[in-house]
Amino acid sequence: MSFLGKKRQQKNSIQDDVRRTSMIQWGAAVGVLIFVIAVMVTNFTVISHNEAYKSIKSELILQSDIYARDIAHELERTYSAANSVAGIMADEEKCSNDDIAWYAENLRNTQGTVYMVVIADNEGNGYTSDSQRVNISDMDYFVVSRTPGYYITEDDGILHNRAYVMTIPYYQENISEGTIYMFISAEKMVELVPTEGYDLRGSFAL
């Protein structure tokens with residue numbers, strides 16, 4: 001082989017080595033770049049997911065707080081009305097049966113969320129807001145208590161509705177005489193939570 005041929009071969013070999021080295025370097029650089037991009041995209045996805053989760057959670061908590069306040073406000077109005085009636089009854093020397101039935105009827109008529117009121121003595125004998133004489137001593141919500149109570153019953157025992165029951169004791173001359181029972185239907189409680197704009201799962205979450 002001539003001297004020029006050897007020179008050309010060495011030159012080609014050097015160029016091939018340079019090309020290989022360059023490709024390896026570029027390949028490594030591209031690989032690192034792809035890895036960095038993949039990590040960035042993954043981090044962005046995780047961060048976005050976490051931010052979306054936090055945002056949705058915050059919105060649900062905010063909405064729940066608003067609806068809870070609305071329900072609490074409605075129940076406070078109902079409790080205040082019943083408590084006022086209990087105070088009036090406490091000021092009377094003696095409430096007749098007609099008085100008790102009248103108080104029950106008028107209390108129901110002033111409370112839009114309440115479908116029935118029962119005022120009963122400590123033995124469970126009393127009157128409904130429809131002037132029906134009843135005994136509720138065997139009902140699961142019947143209580144003799146000195147403090148207000150809140151109960152859920154599957155059967156109110158009179159109209160046979162599932163209901164939320166609020167109980168407010170009443171006294172005469174500081175002696176416990178009985179309890180006022182306020183009945184709110186389960187459907188009415190659901191109506192107090194607006195669900196527009198939410199699907200079934202969202203409503204359930206709220």
Just to be sure, is LEU107 out of contact with any Lys or Arg (no Cβ under 8 Å at 6 or more places or on another chain), more than 14 Å from GLY178 (Cα to Cα), surrounded by 15 or more Cβ atoms within 10 Å (Cβ to Cβ) and modelled with pLDDT under 95?
yes
Of the residues ASP98, ASP70, which single one is open to solvent by 70 Å² or more (accessible area, probe 1.4 Å) and at pLDDT below 80?
ASP70
So if I check each of ILE119, ILE100, which one is touching a residue at least 40 places away in the same chain (Cβ under 8 Å) and either of a type outside the set (Val, Ile, Thr) or in contact with a strand residue (DSSP E or B) (Cβ under 9 Å, 6 or more places away or on another chain) (or both)?
ILE119
Here is a list of conditions, (1) open to solvent by less than 20 Å² (accessible area, probe 1.4 Å); (2) modelled with pLDDT under 90; (3) not small (Gly, Ala, Ser), and VAL118 meets all of them except one; can you say which number that is?
(2)
Residue hits (segment 144-194; open to solvent by 30 Å² or more (accessible area, probe 1.4 Å), over 17 Å from GLY112 (Cα atoms), hydrophobic (A, V, I, L, M, F, W, C) and in contact with a helix residue (DSSP H, G or I) (Cβ under 9 Å, 6 or more places away or on another chain)) are ILE152
Residue satisfying condition, being in contact with a Leu (Cβ under 9 Å, 6 or more places away or on another chain), farther than 25 Å from ASN97 by Cβ, modelled with pLDDT under 80 and not polar (S, T, N, Q), within set GLY202, GLY197:
GLY202
Being touching a residue at least 24 places away in the same chain (Cβ under 8 Å) and acidic (Asp, Glu) is the filter; apply it to segment 50-97 and report the residue that is nearest to PRO148 (Cα to Cα).
GLU74
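The values are calculated or read from the model by the stated rules, or taken from the named source; none is laboratory data. Not measured: the values here are computed from a predicted model. Note: ideal-geometry Cβ built from the backbone for every residue, glycine included; neighbour counts use all protein chains shown. Just the protein is used for accessible areas: all its heavy atoms, side chains included, with ligands, DNA and RNA removed. Shrake-Rupley method; radii C 1.70, N 1.55, O 1.52, S 1.80 Å.
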